[in-house]
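The values are calculated or read from the model by the stated rules, or taken from the named source; none is laboratory data. Predicted model, so just to flag it, every value in this text is computed and none were measured. Cβ coordinates were reconstructed from backbone atoms using ideal geometry, including for glycine residues, and neighbour counts include every protein chain displayed.
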């Protein structure tokens with residue numbers, strides 16, 4: 001069996017793993033901070049080191065000869081030009097016109113492919129995760145930003161210019177919060193990890209009673225979405241309110257998608273899934289309230305099953321699709 005390295009580039013972390021070509025196993029998972037402020041060359045150096053470290057670990061622990069590792073699939077924030085392997089623009093990383101695919105390929109000495117990181121994560125969930133077997137899939141990835149992916153009949157839907165699925169930059173409030181993309185009221189500006197933390201901090205600064213400050217020794221800047229989820233699980237009422245509001249924002253966005261695409265599965269990937277039923281129960285309720293009943297009745301809204309590796313696995317699946325014409 002052949003193996004491929006999957007690279008998942010996020011706004012906060014890069015995750016790399018070596019994946020069996022049938023998706024049955026992931027070896028040598030490695031991660032490092034992205035640190036985009038250091039510039040693209042530094043990030044590229046980290047990616048190359050992580051790829052080599054993952055291959056070496058796979059060779060050592062799984063007994064897989066290096067020669068059986070035959071390619072690298074890369075998932076990056078976009079928009080992208082997949083044909084040229086170029087990152088056109090990344091609001092969270094600050095890259096423009098970066099020929100990422102070829103730079104990585106040259107650095108590691110293997111053929112490479114490039115696709116949107118959110119497409120990769122959702123494709124991974126369709127291939128071997130929570131959406132496997134589904135025909136019509138819409139997915140959201142929630143982390144530093146909010147991405148999305150659409151899979152129809154086993155193929156990613158790209159649209160006419162390759163940027164379909166930018167769900168995080170759909171508008172849920174035309175006069176709302178300013179987003180990093182420059183627009184106002186984007187879903188990402190309300191329900192991404194940093195946006196969840198920012199909303200929590202805003203309430204604390206205006207007098208909300210909560211244990212959140214104590215969880216970060218009074219340093220409010222250290223509050224993250226994960227901090228909010230942990231407080232919610234401990235039944236902190238203010239944190240629960242933030243999670244419920246997040247469910248409403250996401251519910252509005254997902255209801256729009258359900259009405260437009262009529263999917264059989266909506267899969268949500270990322271750290272937000274650790275909130276569990278405290279998020280998903282009100283989220284499903286909000287979608288049920290907003291979307292057409294025939295669409296909601298045939299749609300499952302589920303958390304991803306590949307925590308931490310959906311993007312890695314999906315990057316490998318997109319390599320197989322782009323380079324070998326198969327999945």
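Just a few scattered comments:
- Residue in segment 168-186 that is buried (at least 24 other Cβ atoms within 10 Å of the Cβ), assigned by TED's automatic domain parsing to the domain that holds residue 272, under 26 Å from residue 83 (Cβ atoms) and in contact (Cβ under 8 Å) with a residue 12 or more places away in the chain present: yes
- The single residue among 133, 147, 182 that is part of a strand (DSSP E or B) and modelled with pLDDT under 95 turns out to be 147.
- Test: residue in segment 214-222 that is assigned by TED's automatic domain parsing to the domain that holds residue 197, under 25 Å from residue 310 (Cβ atoms), modelled with pLDDT of 95 or more and in contact with a helix residue (DSSP H, G or I) (Cβ under 9 Å, 6 or more places away or on another chain): no
- Residues that are over 26 Å from residue 127 (Cα atoms) and not in a loop (DSSP other than H, G, I, E, B) within segment 284-307 comprise 285, 286, 288, 289, 290, 293, 294, listed in sequence order.
- Selection of segment 206-257 for residues being under 20 Å from the mean Cα position of the chain (by Cα) and outside any helix (DSSP H, G or I) yields only 224.
- Going through (1) in a loop (DSSP other than H, G, I, E, B); (2) surrounded by fewer than 16 Cβ atoms within 10 Å (Cβ to Cβ); (3) in contact (Cβ under 8 Å) with a residue 12 or more places away in the chain one by one, residue 102 falls short only on (1).
- Looking only at residues of segment 123-143 that are out of contact with any helix residue (DSSP H, G or I) (no Cβ under 6 Å at 6 or more places or on another chain) and over 29 Å from residue 67 (Cα atoms), we find that the one that is surrounded by the fewest Cβ atoms within 10 Å (Cβ to Cβ) is 133.
- Candidate set: segment 13-35, residues that are under 18 Å from residue 115 (Cα atoms) and part of a loop (DSSP other than H, G, I, E, B); chosen: the one nearest to the chain's Cα centre (by Cα): 34
- Verdict on residue 269 being within 21 Å of residue 188 (Cβ to Cβ) and either modelled with pLDDT of 95 or more or not in a strand (DSSP E or B) (or both): yes
- When residue 85 is tested against (1) surrounded by fewer than 17 Cβ atoms within 10 Å (Cβ to Cβ); (2) at positive phi; (3) touching a helix residue (DSSP H, G or I) at 6+ places or on another chain (Cβ under 9 Å), exactly one condition is not met: (1).
- Taking the numbered list (1) over 19 Å from the mean Cα position of the chain (by Cα); (2) outside any strand (DSSP E or B) in turn, residue 71 passes all entries but (2).
- Check on residue 123, over 13 Å from the mean Cα position of the chain (by Cα) and within 30 Å of residue 287 (Cβ to Cβ): no
- Scope segment 68-94; condition modelled with pLDDT of 95 or more and farther than 18 Å from residue 318 by Cβ; matching residues: 68
- Any pair with Cβ under 6 angstrom, 6 or more apart, that starts in segment 287-303 at a residue that is more than 18 Å from residue 277 (Cα to Cα) and ends at one that is crowded, with 17+ Cβ neighbours inside 10 Å and at pLDDT 95 or above: 290/255; 291/255; 291/258; 295/258
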